1. Would you mind classifying segment 14-139 by shape? Square roots of the alpha carbon gyration tensor eigenvalues, ordered a ≥ b ≥ c; an a/c under 1.5 is rounded, otherwise it is prolate if a/b is larger than b/c and oblate if not.
2. Over what distance in Å are the Cα centres of segment 308-327 and segment 106-144 separated?
3. Give the relative contact order (percent, whole number) for the chain; include only Cα pairs under 8 Å separated by 6+ residues.
4. Suppose every Lys and Arg Cβ carries +1 and every Asp and Glu Cβ carries -1, with no other charges. What dipole size does the chain come out with about its Cα centre, to the nearest 20 debye?
5. State, as an integer percentage, the relative contact order of segment 249-344 based on alpha-carbon contacts under 8 Å between residues 6 or more apart.
6. May I ask you to list the residues of segment 189-209 whose amide nitrogen lies under 17 Å from a point 7 Å from Cα along the Cα→beta-carbon direction of residue 223?
7. Helix-derived [θ] at 222 nm for the chain: sum -39500 (n - 2.57) over DSSP H runs of at least 4, divide by residue count, nearest 500?
8. Which of the aspartates and glutamates could be linked to residue 244 by a straight reach, that is with a Cα gap under 14 Å, when you skip same-chain ones fewer than 8 residues away?
Amino acid sequence: MHNPELIPKRHAFRVLFGQRPLTKFKDYRKSIKVDLLSPEPKEAMMKRIYDFVKATWSEDGRESERATSEEMQDAMNQMLSGKALGLGLETINFTFRISGITRIDTHQIVRQRIGVTFSQQCTGDRMLHHNDVLVEESIAGSDYQLPHFIGSTLSCKDTYSKMIDNNISIQAARSILPHDLETFIFMNTNLMTLLFFHQKRIDDGSQTWQINEIAQQMADQVCAVYPELTEVFERNKKKFKFQKEASADRKNSFSTGLYVPKDDEFEYNNRDFLYDQKKLDMHHTNTPIEDTYYWGNTLVTKDQFEMIKARYDANDKIVHDTSPTNDEIFTMNIKTNDELLAIL
C-alpha cells in the first residue's frame, strides 16, 4: 500500500518531462569507438594458459612457475596454430565497450550467442530525448536526402517527447524512435570466441561496413596489448570468404548479395548483387560531416546547445535531489523552455 511517509527512492535514470529534445547530428564513421577495458597483464595471462595446456602431464599444476618466457610463448603459438588443444585460449577474457554505434550495429553484434556476455544501453528503462544521431556519409552527401533525413529524425524525437509528456509510457513511446540514434554495448568474450567473431565479421560479405570496422577495432585493441596476436588476426581475415562460397553454388538462394565483392577473385554476374558497386565505394563517399545541433526542431549553435544542456542538467539535479512529482518536473522544465526561448 502507498505510504506517503516513506522517503521516495531515487530513479536510476533522468526524468525529462517537459524537456525539448536536444539532438546532435554527427559523422557515423568517426564516432565508432571500441575500447578494451582493463586488459589482463600479459605475464599473468601467459602463465595461466601455460598451466592449462600442460595440465594433462603435470604432477602439481604449477608448470608455469618453472617455465621460461620462451616456453610459454611456444605454448601460446602451438594453441593458436591448432597444434595443441586450445582450451587455454578460452581463459583469455576481454571486455569491450563498443560506442558510437546504433541499434542496427548492436543487433548484428549480439548474433554471436556462444561464449559472450552482453550488457547494453536500454530504450525502455530510460528517456531518450537527448541521444545524438549518427549520419552516414552517403546520406550527408545528398543535398536532397540529408534535409529529409534530419527532418524525419527530429519529427520522430519530437513525437516521442510529446507522447511522454501526455502520459504515454516510455516503453510504448519508444516505438516511434528511428534506428539512427547513438548507443553503446559492452561485450565480454574469450580469445577463442573473439577470433571466430572477427573471422565472420571482418569479411566483406558481412552486411555493413560498420560491423567490419567494429571487428577490426576489436582486433587492433587486443593486438596493442598482445602484439604476438597480430599475425593471427591478419590470417583470420583470409579464412572466411562468404561471397566466394555463396557464388560458387549458382543455385544458392539462401544468402543476401548486396554489393559487388571487394576482392574480385572469382567469377560472378553483377546481377548476383543488388548494387553494381562495392560496399565501401557506396558508403565511404568522403563527404565531410560537420556536427549540427538542434533544440526540438530549431537549429542552434554549439554554444546555445551547451547552454540549454546545462540548464536541463541543473533541473535534472534538482529532480534527483528532491524527488518532485511528474507534474512538478514538467512545469519546471516548461518554465525553463520559456526562459531559454526568450534569450535565444
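1. Taking the square roots of the gyration eigenvalues as a ≥ b ≥ c, segment 14-139 is prolate.
2. 27
3. 27
4. Magnitude of the dipole: close to 660 debye.
5. After rounding, I find 16 percent.
6. So the set is 191-192, 194-204.
7. Taken over the chain, the calculation gives -13000 deg cm²/dmol.
8. Straight-distance partners of residue 244: 203, 204, 263, 264, 265, 267, 272.
Laboratory data are not the source of any read-out in this text; all were calculated from the coordinates shown. Remember, predicted model here, so these are calculated numbers, not experimental data. Counting neighbours? That spans all protein chains shown, and the Cβs are built from the backbone with ideal geometry, glycine included.
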